[in-house]
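The values are calculated or read from the model by the stated rules, or taken from the named source; none is laboratory data. These figures come from a predicted structure and were not determined experimentally. Every residue, glycine among them, receives a Cβ derived from its backbone with ideal geometry; neighbour counts consider all protein chains shown.
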Amino acid sequence: MTEPLAWLNGEYVPFQSAGLPLSDLGVVGGLAVAEMIRTFGGQPFRLDEHLTRLRLSCQRVGFETPLAHQSWVEVVEHLVQHNMPLVPLGGDLGIILFVTAGPNPTYVGAGSHGCTHGAHTFSLPFANWASRLTSGVSLVTVDAPAVDSPLLDFQVKSRSRMLWHLADRIARESDPGAVALLVDSNGCVSETATSNIVAVRGSRLSTPRRNHVLDGISLRMVADLAKVAGFEFTEADITVDDLIASEEVLLTSTPTCLLPAKSVNGIPLKESVPGPVLTRLQELWSEAVGIDIVRQLTAAP
C-alpha cells in the first residue's frame, strides 16, 4: 500500500478514509485531547512521556479511556513502520494521538457510547519553518484574561484552539508575520500557541512556571540539555520587560525543536539570530537524537 495508514477505534484504515462522524463531540464541541509526537530518523521521540501526558489529560477532563499505555505504543509502532517508508528522503513523521468525548447524545440518543480514539501520521513540513530558523520569530504579547480562569487546566493538551486563533489574529494586526505570546493578569508571559518560551540572560535560562503553562516534552529536553551545557535552568515569573531585556528568547516545540525569537513587541533582542545559546543547544539536541536538526530543517525543499 502506497497510502499512509491511520488508526481509529481499534482499526487500521487508509488515511484518506479516516474521519470522525459529524455527531462526534470532538467535532461538535471541540471536546478532545491530543498529543503530537515526532520521529528522529524514524524513531518516536520520548513516546512514553507523551503517552503519560495523554493519559493525564484524559483523567483531568474526565475521559474514561480503556486503552492501555502498551496498546498506544503498539499503534504508534505499527503506524511508523508502515508510514515512514512513504516519507521523502531525510524527512520524519509527525504523529498525532487523540481522544474525544465520543458521540453527542443530543444527536445519537442516550446510551453508553464511550470515547473516540484515533492516531495518524504526516510527513513533517520542514519548509514551513526553515525561514524562522534563520530569520527568527516576531513575538507580540496579547492580553488574554481567559488564561487566568480557574476552569482552565494548563496541563491538559486540548484540541480546542479558538483562544490561540484569536490571539494570533490580534498579534498579526501589528505585524503580519508575528506570533502571539499570551500575558496573564499579573503581567507575566506564558506561551505561544505551539511553543514554550525560554529566556536567556548570561548562563541562566528561565521559563515560565510550569503550573501556568503546558509542561512541554520539548521543554523538558531543553532543561536536560541545558544541564549538559553547564547552563542554569530555572522556572520563574517572567514579565514582558524581562523578556525584552533577555539576550535570546528560544521557542521550543515538538516539530521544530528550537527556534529563535528576533523581537518582542517590535523591539529587537540583543543577540543576532541564531544566538550562541540556541546554537549550542541545537548541537547537543542533534547529538542526542542522531540527526542534524538544523540541517534537516533548512535542507527542506
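For this structure, a couple of remarks:
- All told, residue 294 meets the bar of being buried (at least 18 other Cβ atoms within 10 Å of the Cβ) and not in a strand (DSSP E or B).
- Qualifying residue in segment 211-227 (condition: closer than 16 Å to residue 251 by Cα, in contact with a helix residue (DSSP H, G or I) (Cβ under 6 Å, 6 or more places away or on another chain) and in the same structural domain as residue 136 (by TED's automatic domain parsing)): yes
- Note on segment 8-27: residues that are touching a helix residue (DSSP H, G or I) at 6+ places or on another chain (Cβ under 7 Å) and in a helix (DSSP H, G or I) amount to 0.
- Scanning segment 259-269 for residues that are touching a residue at least 40 places away in the same chain (Cβ under 8 Å) and outside any loop (DSSP other than H, G, I, E, B) gives 259, 260, 261, 262, 263, 264.
- Considering (1) hydrophobic (A, V, I, L, M, F, W, C); (2) over 20 Å from residue 253 (Cβ atoms); (3) part of a strand (DSSP E or B); (4) at pLDDT below 95, the lone condition that residue 99 does not fulfil carries the number (4).
- A residue that is in contact with a Cys (Cβ under 8 Å, 6 or more places away or on another chain), in the same structural domain as residue 292 (by TED's automatic domain parsing) and farther than 18 Å from residue 223 by Cα occurs somewhere in segment 235-249.
- Test: residue 224 is of a type outside the set (Phe, Trp, Tyr) and in contact (Cβ under 8 Å) with a residue 24 or more places away in the chain: no
- Of the residues in segment 81-91, none is surrounded by 14 or more Cβ atoms within 10 Å (Cβ to Cβ), within 20 Å of residue 217 (Cα to Cα) and touching a residue at least 12 places away in the same chain (Cβ under 8 Å).
- None of 250, 284 is at pLDDT 95 or above, in contact with a helix residue (DSSP H, G or I) (Cβ under 7 Å, 6 or more places away or on another chain) and more than 29 Å from residue 171 (Cα to Cα) except 284.
- Among residues of segment 163-184 that are touching a residue at least 12 places away in the same chain (Cβ under 8 Å) and over 13 Å from residue 143 (Cα atoms), none has a beta-carbon under 8 Å from a residue that is surrounded by 14 or more Cβ atoms within 10 Å (Cβ to Cβ) and aromatic (Phe, Trp, Tyr) at least six positions away or on a different chain.
- Of all residues assigned to segment 64-81, at least one qualifies as being among the β-branched types (Val, Ile, Thr), at pLDDT below 95 and under 21 Å from residue 19 (Cα atoms).
- Taken over segment 28-42, the criterion of being at negative phi, touching a helix residue (DSSP H, G or I) at 6+ places or on another chain (Cβ under 8 Å) and of a type outside the set (A, V, I, L, M) is satisfied by 35, 39, 40.
- When residue 272 is tested against (1) free of Cβ contacts under 8 Å to residues at least 60 places away in the same chain; (2) farther than 30 Å from residue 57 by Cβ; (3) part of a strand (DSSP E or B), exactly one condition is not met: (3).
- Listed by first and then second residue, the pairs linking a residue in segment 40-53 that is surrounded by 18 or more Cβ atoms within 10 Å (Cβ to Cβ) to a residue that is among the aromatic types (Phe, Trp, Tyr), with Cβ atoms under 8 Å apart and 6 or more places separating them unless they lie on different chains, are 51/72.
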